[in-house]
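Encoded as structure tokens, the structure appears first; notes follow it.
Coordinate-derived values only; no laboratory data. Because the structure is predicted, anything quoted here is derived from the model rather than measured. Here the Cβ positions follow ideal geometry from the backbone for every residue, glycine too, while neighbour counts run over all protein chains shown.
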Amino acid sequence: MGGSKGNKASNTHPSRVKKRKFHGNRHSIEQDTQFTSASAKKIGRFDVKVPVASNFGYCIIEFVSVFSALSASVICKDCKSEVAFSKSSLRGLGFNILLECKCDKQTKIKSCSLVGSACEINRRIVFAMRMLGVGHQGLNLFCGLMDICQGIGNSTYASILENIHIAASTVYDSIISFAATEEKDLNERAGNIRNNLTVSGDGTWKKRGFSSLFGVSTLIGKFTGKTLDSKVKSSFCATCNLWKGKKDSDPVAYETWFKNHQEECTANHTGSSGKMEIDAIVEMFQRSEDKHDAKYVTYVGDGDSKTFKGILNAEPYEDLLVIKKECVGHVEKRMGTRLRNAKKNNKGMGGKGAGKLTDKLINELTKFYGLAIRRHPDSVEEMRKEIWATFFHKSSSDENPQHQNCPEGAESWCKWQQAATVTQIKMLFYFLISDHSVGRNRGDQ
């Protein structure tokens, strides 16, 4: 009796087949992020330099033609019979090359290297297509047209994206951490407080206008010119878009899904697309101390007062008020824009010839305006003087020279002042070789 019912102490049933433990299959292997996460932790702790293997690479071959030729040329070293080649264990673009002969000996060769247990080629093709702007459907269409494979499934594709995101995020965090350290070193060498940095910020959108669903903003260090932080803003989530139809038709399922989805939702912005830049830069200021142990004390903006106002309203630092400086490049650009608008709105101002506001003159005035600001960053008076010097220099003529504000000397950018210097030297020579001056030097004394 005891044998038929099993041993209660061991809680086993001899009549039942013991379930095998699941160790993964060709679908679940691609979904494993453990290997990527472990590598990410190593990169986060150390300055890891990845060696590049010059003998590693992929090529496209037609399997049947190539391996039929190989089968006719090789034999098994044991039974001396022909070796047959075939595919097995297909996993996306990866597979095993199976070698069989008469002695029933089977050898499996991986068609690509492995990342943990996953095929590297699958992650590489997804990454390459994403870099080219091609999504899941485009990838499968490419594979179908090339007769490579049937493509990659939905769940596998999503898992590969997750692995790529983990790896890319870790590398990105390491790069900006190194950039922030370098920026602080250079800032200290310039005589400033090490952790009080000057940054410039700007934003860009996926498409022009104010209807874009995606925007990216970045902060760049003054001395290194490298990105110290960035923030992606999105007002769209593909998963939310798929589920929005069930909000009314199946509210219970929708509520259950929504509770689990909130932390994963990619939509992190509400409001206009123009507000994306403001919100993103404010968030980057607020996390600067946690991210880099630094404060962004000076903000170099593009002339948009809304962004700087948003920073001031947010008060990212309790004991510090952020200062704003204008980006010279944007100020210079505004000069050119206003000159072109003036030419467009006043028909008599444009045209060809002397005294006309030509495109060439606009470009020169814009360039010289920017140079005047860059050459005198510490003196408003000198800056203003050189800006006016540019205007009067371009307005002058032979009959009415206006070079009084142009820098003097032979090294001046103003040719009139250069010529005036040469004239002064020439007059000095005339005086020194005059009869009166030379006559006083006659005799033996």
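Couplings 3J(HN,Hα) of the stretch 72-88, computed from phi: 6, 10, 10, 9, 6, 6, 8, 9, 6, 9, 5, 9, 9, 10, 8, 9, 8 Hz, in residue order, whole Hz [Karplus 6.51 cos²θ - 1.76 cosθ + 1.60, θ = phi - 60°; x for Gly and Pro].
Computed over all pairs of different Cα atoms, the Kirkwood value for the hydrodynamic radius of the stretch 57-152 is 15.0 Å.
In order along the stretch 379-396, the Karplus-derived 3J(HN,Hα) couplings, from 6.51 cos²θ - 1.76 cosθ + 1.60 at θ = phi - 60°, round to 9, 5, 5, 5, 4, 5, 4, 6, 5, 5, 4, 4, 5, 5, 4, 6, 8, 6 Hz, and Gly and Pro are given as x.
In this label model, VAL331 and LEU145 are separated by 5.1 nm, measuring between points 7 Å along each Cα→Cβ vector.
If you wrap the tightest convex hull around every Cα atom of the stretch 178-297 and split its volume per residue, you get 115 Å³. Please give the Cα centre distance for the stretch 335-366 versus the stretch 312-326, rounded to the nearest Å. Taking the Cα centre of the stretch 312-326 as reference, the centre of the stretch 335-366 is 39 Å away.
Computed over the stretch 307-385, the P(r) curve from all C-alpha pair distances, binned at 10 Å from the origin, holds 16, 32, 27, 17, 7, 2 percent per bin. Arranged from fewest to most other beta-carbon atoms within 10 Å of their beta carbon, ILE121, ILE61, ILE160 become ILE61, ILE121, ILE160. Once you divide the Cα radius of gyration of the stretch 244-393 by 2.2 N^0.38 Å, the number left is 1.65.
Residues whose amide H falls under 5 Å from that of LYS110, counting only those 5 or more places apart or on a different chain, are ILE97, with hydrogens built in the peptide plane. For the stretch 242-321, the percent of C-alpha pairs falling in each 10 Å distance bin, counted from 0 to the bin holding the largest distance, reads 15, 33, 23, 18, 11, 0.
Close amide H partners of VAL300, meaning residues 5 or more places away or on another chain with modelled amide H under 5 Å apart, are VAL199, SER200, GLY201, LYS325.
Per residue, the convex hull spanned by the alpha carbons of the stretch 174-229 comes to 84 Å³. With 0.36 nm allotted per residue and the present C-alpha distance subtracted, the LYS347-SER272 stretch has 23.3 nm of extension available. Cβ-Cβ distance of GLN137 and LEU321, R₀ of 60 Å, FRET efficiency by 1/(1 + (r/R0)^6): the value works out to about 0.75. For TYR58 and CYS103, what does the FRET efficiency come to when R0 = 35 Å and r is the distance between their Cβ atoms, rounded to the nearest 0.05? For R0 = 35 Å, the calculated efficiency reads 0.60. A simple rule links phi to the HN-Hα coupling: the Karplus curve 6.51 cos²θ - 1.76 cosθ + 1.60 with θ = phi - 60°, which for the stretch 269-278 gives 9, 10, x, 6, 5, x, 7, 4, 4, 4 Hz, with x for Gly and Pro.
The label-point distance for PHE392 and GLU188, in a model that sets each label 7 Å from Cα toward Cβ, rounds to 4.8 nm.
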